[in-house]
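Bear in mind these aren't lab numbers, they're just calculated from the coordinates by the rules spelled out. Note that the coordinates shown come from a computational prediction; the quantities given were computed from them, not determined experimentally. Counting neighbours? That spans all protein chains shown, and the Cβs are built from the backbone with ideal geometry, glycine included.
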Amino acid sequence: MSGLPKKFPKQRFSLPLDGGGQSSTQSRAVDTGQGGDDKSSSGWTPRPHPLPQGERGSEKFLLPQKFSLQGRAAVVTGICGNLGPIWAETLLEAGAEVAGLDLPQAKKTDVFLKLGRRYSNKFLFVPCDIRDRKQLLKAKKKINDGFRSATVLVNNAGIDQPPAKLKESWTFEDIPAEICRKVLEINFLGAFQAIQIFGPDMIKLGHGSIINIGSVYAEIAPDRKLYEHFNLKPPFLKPPAYGASKAALINLTKYLAVLWGPYGIRVNALSPGGVEGNQDAKFKQKYTAKVPLGRMARPADLDGPLLFLASDASSYMTGAHLIVDGGLTAW
Ligand SMILES: NC(=O)c1ccc[n+]([C@@H]2O[C@H](COP(=O)([O-])OP(=O)(O)OC[C@H]3O[C@@H](n4cnc5c(N)ncnc54)[C@H](O)[C@@H]3O)[C@@H](O)[C@H]2O)c1
């Protein structure tokens, strides 16, 4: 499947996609004429939200079209991690062009590299630290030059503190504020800034879907018993700033749904439960014992919910928090 308009030559987006020296005279869906600068958002006029396409009960009612992202561009932050490529592949499969942002030094996983080869003409890697507004502006310019203005933004970049990688642990009273600050800076402020930079083009186009990746820990507190077997002294505590940062992101989701709803922008949060990866067997066993569906999440559990939120299939949904956790938070 190729949703790429013919005007985009294939080799422009082949990996490695550091974008070095890319310049374009191609027309953009939105050309602000501002050269990627930080234009003020004043002067926007509210407009009715686009009505869903297709007539029920007629041959024009084509349900799969509602899930199509043909002709749209998407941005996914934290593209090099575990979940970034899952979101990207889903959006690419649905027909979107995808620009993936991550730290310049982020390790490219095999999954990421495979994706780049498979969708070489529709997938662009843009090095960018989302904490840095200037880098975000530069990234936006590069994306607008290469693709079109993004009308889907997946705020996925985030940091946590898995116990297996930890050399030091603290009691709650001793947790360094610096650790909290870093988590909040990336998980909340990074997403906040990405929305500031990519949102205005969506407003000018009159439609957009912003998806903030949260966590079940936005809703519930971590159970320390899950981590007891790590035998750290003092016992491991999942960083309180992690859940707090995600709860803040959920609140920002609602804030923006209200603020930008009149401009046709939908803002929702998607919170996966624990995704099966290289966690140790004991953790997996204790965690799954708490999950009504009896297992951790797999990539195939997440693509449908993401596509639903990104596409017109969720055209009347904004300010919502979609939790995909196998029932973990249901009790
Ligand atoms: N994996 C899970 O089980 C799980 C469950 C619930 C929620 N989440 C959330 O999903 C998101 C992705 O999780 P993951 O498991 O893929 O994490 P990950 O650590 O594998 O990937 C996160 C990515 O974000 C990038 N990143 C970090 N700081 C950045 C910055 N300043 N600028 C740009 N990129 C930056 C990292 O380089 C990394 O590639 C996170 O927000 C996480 O909180 C994950």
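For this structure, a couple of remarks:
- Beta carbons closer than 6 Å, at least 6 apart along the sequence or on distinct chains, pair a first residue in the stretch 132-160 that is without any contact (Cβ under 8 Å) to a residue 12 or more places away in the chain with a second that is near the ligand (Cβ under 10 Å from one of its atoms) and not hydrophobic (A, V, I, L, M, F, W, C) for 135/129.
- Among (1) without any contact (Cβ under 8 Å) to a residue 12 or more places away in the chain; (2) within 14 Å of the ligand (Cβ to nearest atom), the one test that residue 101 misses: (1)
- Of all residues in the stretch 159-178, those being of a type in the set (Val, Ile, Thr) and away from the ligand (no atom under 14 Å from the Cβ) number 2.
- Single match in 280, 303 (criterion: of a type in the set (Asp, Glu), surrounded by fewer than 16 Cβ atoms within 10 Å (Cβ to Cβ) and closer than 23 Å to residue 81 by Cα): 280
- Qualifying residue in the stretch 181-199 (condition: touching a residue at least 12 places away in the same chain (Cβ under 8 Å), over 19 Å from the mean Cα position of the chain (by Cα) and either under 29 Å from residue 68 (Cα atoms) or away from the ligand (no atom under 16 Å from the Cβ) (or both)): no
- If you filter the stretch 233-260 down to residues that are without any contact (Cβ under 8 Å) to a residue 40 or more places away in the chain and either of a type in the set (Val, Ile, Thr) or away from the ligand (no atom under 13 Å from the Cβ) (or both), you find that the one that is surrounded by the most Cβ atoms within 10 Å (Cβ to Cβ) is 251.
- Among the candidates 151, 109, the residue that is hydroxyl-bearing (Ser, Thr, Tyr), within 19 Å of the chain's Cα centre (by Cα) and within 13 Å of the ligand (Cβ to nearest atom) is uniquely 109.
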